[in-house]
Amino acid sequence: MSLSTKQSDFLGAVLAGQNVFLTGKAGTGKTFVVKKAIEELRILGKKVVALAPTGIAANNVGGQTIHSMFNLNPFGVTSFENCNFLKGEKRRMLDAIDVLLIDEISMLRPDILDGINWTLLKNGCAPLSTKQVIFIGDLKQLPSPLDDNTRSVLYQTYDGEEFFNAKIYPKLNVTNIELDEVLRQSNPDFIEALNIIREGGKAEYFRKFVGTEPKGVILAPHNATVQKYNKLGIDAVNGDLFEYHAEITGNLKADDFNLETVVRVKNGCKIMYLVNSKNNDLVNGTIGTFVSHAGCQYIRVGEVDHALNEVEFTKKEYVLNDAKDALELKVIGTIKQYPIKLAYALSIHKSQGLTFSEVTVDLTRPCFQRGQMYVALSRVTTPEGLRIITN
C-alpha cells in the first residue's frame, strides 16, 4: 500500500526526529502509517515505546498503558507530589527511551502528560522535552471520561481537558500533520456530512436514516441501553445456554482486552468476533451466529462455519535489555478466553476503532459526551448500511 502525501510528510518528520501530532478523521489511515513509523524507527535502532491511555488502546497499538508505564495514580488529578519514585531498573528503562508514541490522544488529559514529565524528573531521568514524542489521534473522538469533581479540580490548574493544555506541551515544539484523505468511505456526501458532525454541527443528510428498519449491530451511548438489547436478543433465542469462563494469570482485567470474564451465549444467538484471525477471513468486528455442535464451537458468517478456539492474550510491560541495548516487552499476565461477545448491541465507547457493514445508532437516550455522535456514525463503511433510531 502506497503512502499519501500527508502520510509521507508524517513519516519524514518522524524519521527526522521531530515531535509530531498526527491527526485526521476516521478512516484516513492513521493506524497504517503509525505502524510503519514504529518499524522504521526501530530499524534505525531507536528505543520506541508505544503507549495509550486505556488497556484496549494499548493492546491495539502493541504497547502498554501510560499509567502502568509511569506508575501514575489512576484516580484524581496527577500532580508532581503524587507521582511515584520508581525502582532502579524501571528508572533506567525510562531514561533509555528515545521515542514515546502515544495513541488515542483524545483520551489523554493534560495532567497525565505533565505526569509523564514529572515522573521522569522525580526519578532523575532526562525530562520529556529531551525525548522524541509522537501524538496520534483525533480530538473530535471520545475524550477521557471525567466525573464532576475531577473536572473541577482539573480546571483549577488547566485551561481545558485536552492534552495540549499541559504545562510541558509548549516546550515540545510539536509539528501538526492532519491526514485528510478518507480511505474507509467513498461517498462524498456521506463524508461531508460526517465532517459537519465531527465539527459539532448538525447535518440534515442523516435525517433520511431515521426510523428505518434496524440492521446490523446497534450502537448506543449508554451501557444500560446496550445491556437491554443484548438481554432481549439472547432471551429470544431458544437454544441451549453455554458459559465459558476466562483463565486469568497476573494482575489484569478482561475488559482491558475487550473480552468477557464469562461469555454467555446460546446456539443461534448473534455474536461478534473480537480479534483478527490468521487462519481465516475473520477480523475484529465480524458479526455472525454462534453454533455449538458435537462439542465444538463455531461462528457462522453467511453460509460458512468458522471454528472458534480459545485465544490467549498477554499483558506486557517494557523492560530494558542491557545485552541488546534495546527495550523489549515482557509478559506479566495472561488471559485465555473465546474472543466473542453478544453483538445485538455495543456501546459507542467500545465501538471506537471498529468498522461494520451495517450499523443502527440508537439515540432514544441522547449522547452525553463530545465525539460520541461522530464515532457512532463513522463506524459504518457505507451510508447504505446506516440506520438511526430516535424517540
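The values are calculated or read from the model by the stated rules, or taken from the named source; none is laboratory data. Everything numeric in this text was worked out from a predicted model, so none of it was measured. Backbone-built Cβ (ideal geometry, glycine too); neighbour counts: all protein chains shown.
Consider the range 130-146 and keep the residues that are outside any helix (DSSP H, G or I) and free of Cβ contacts under 8 Å to residues at least 60 places away in the same chain. The one that is farthest from the chain's Cα centre (by Cα) is 131.
One residue alone among 215, 208, 228, 171 is in contact with a Gly (Cβ under 9 Å, 6 or more places away or on another chain) and of a type in the set (D, E, K, R), and that residue is 215.
Considering the conditions (1) outside the structural domain of residue 110 (by TED's automatic domain parsing); (2) more than 15 Å from residue 389 (Cα to Cα); (3) charged (D, E, K, R); (4) surrounded by 12 or more Cβ atoms within 10 Å (Cβ to Cβ), residue 243 is excluded by exactly one of them, (4). From the list 295, 216, pick out the single residue that is in contact (Cβ under 8 Å) with a residue 60 or more places away in the chain and over 20 Å from the mean Cα position of the chain (by Cα). 216 is the lone residue from the list that is in contact (Cβ under 8 Å) with a residue 60 or more places away in the chain and over 20 Å from the mean Cα position of the chain (by Cα). Filtering the range 113-142 to residues that are over 22 Å from residue 48 (Cα atoms) and touching a Lys or Arg at 6+ places or on another chain (Cβ under 6 Å) leaves only 140.
Yes or no, residue by residue, for (1) of a type in the set (Val, Ile, Thr); (2) out of contact with any Cys (no Cβ under 6 Å at 6 or more places or on another chain); (3) in contact (Cβ under 8 Å) with a residue 60 or more places away in the chain; (4) not in a helix (DSSP H, G or I):
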{"residue": "212", "(1), (2), (3), (4)": "yes, yes, yes, yes"}
{"residue": "231", "(1), (2), (3), (4)": "no, yes, no, no"}
{"residue": "238", "(1), (2), (3), (4)": "no, yes, no, yes"}
{"residue": "256", "(1), (2), (3), (4)": "no, yes, yes, no"}
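Considering only residues in the range 91-129 that are within 24 Å of the chain's Cα centre (by Cα) and assigned to a loop (DSSP other than H, G, I, E, B), the one that is nearest to residue 318 (Cα to Cα) turns out to be 97. Would the range 307-328 turn up any residue that is assigned by TED's automatic domain parsing to the domain that holds residue 237 and among the aromatic types (Phe, Trp, Tyr)? For the range 307-328, residues assigned by TED's automatic domain parsing to the domain that holds residue 237 and among the aromatic types (Phe, Trp, Tyr): absent. Residue-level analysis places residue 262 outside the set of residues that are hydrophobic (A, V, I, L, M, F, W, C), surrounded by 14 or more Cβ atoms within 10 Å (Cβ to Cβ), within 25 Å of residue 295 (Cα to Cα) and assigned by TED's automatic domain parsing to the domain that holds residue 343. A count restricted to the range 75-90 and to residues that are buried (at least 16 other Cβ atoms within 10 Å of the Cβ) and in a loop (DSSP other than H, G, I, E, B) stands at 4. For the range 65-74, check the following and say yes or no: at least one residue is over 14 Å from residue 50 (Cα atoms), assigned to a helix (DSSP H, G or I) and modelled with pLDDT of 90 or more. Checked the range 65-74: no residue is over 14 Å from residue 50 (Cα atoms), assigned to a helix (DSSP H, G or I) and modelled with pLDDT of 90 or more.
Where residues in the range 30-68 are in contact with a helix residue (DSSP H, G or I) (Cβ under 6 Å, 6 or more places away or on another chain) and of a type in the set (Gly, Ala, Ser), which of them is surrounded by the most Cβ atoms within 10 Å (Cβ to Cβ)? My answer is 52. Being over 21 Å from residue 113 (Cβ atoms), touching a residue at least 40 places away in the same chain (Cβ under 8 Å) and either exposed (fewer than 13 other Cβ atoms within 10 Å of the Cβ) or in the same structural domain as residue 352 (by TED's automatic domain parsing) (or both) narrows it down to one residue among 173, 195; which is it? Among 173, 195, only 195 is over 21 Å from residue 113 (Cβ atoms), touching a residue at least 40 places away in the same chain (Cβ under 8 Å) and either exposed (fewer than 13 other Cβ atoms within 10 Å of the Cβ) or in the same structural domain as residue 352 (by TED's automatic domain parsing) (or both).
Would you be able to say whether some residue in the range 328-339 is free of Cβ contacts under 8 Å to residues at least 40 places away in the same chain and surrounded by 18 or more Cβ atoms within 10 Å (Cβ to Cβ)? No, because not a single residue in the range 328-339 is free of Cβ contacts under 8 Å to residues at least 40 places away in the same chain and surrounded by 18 or more Cβ atoms within 10 Å (Cβ to Cβ). Counting only residues that are surrounded by fewer than 24 Cβ atoms within 10 Å (Cβ to Cβ) and modelled with pLDDT of 90 or more, how many does the range 375-385 have? Here the count works out to 4.
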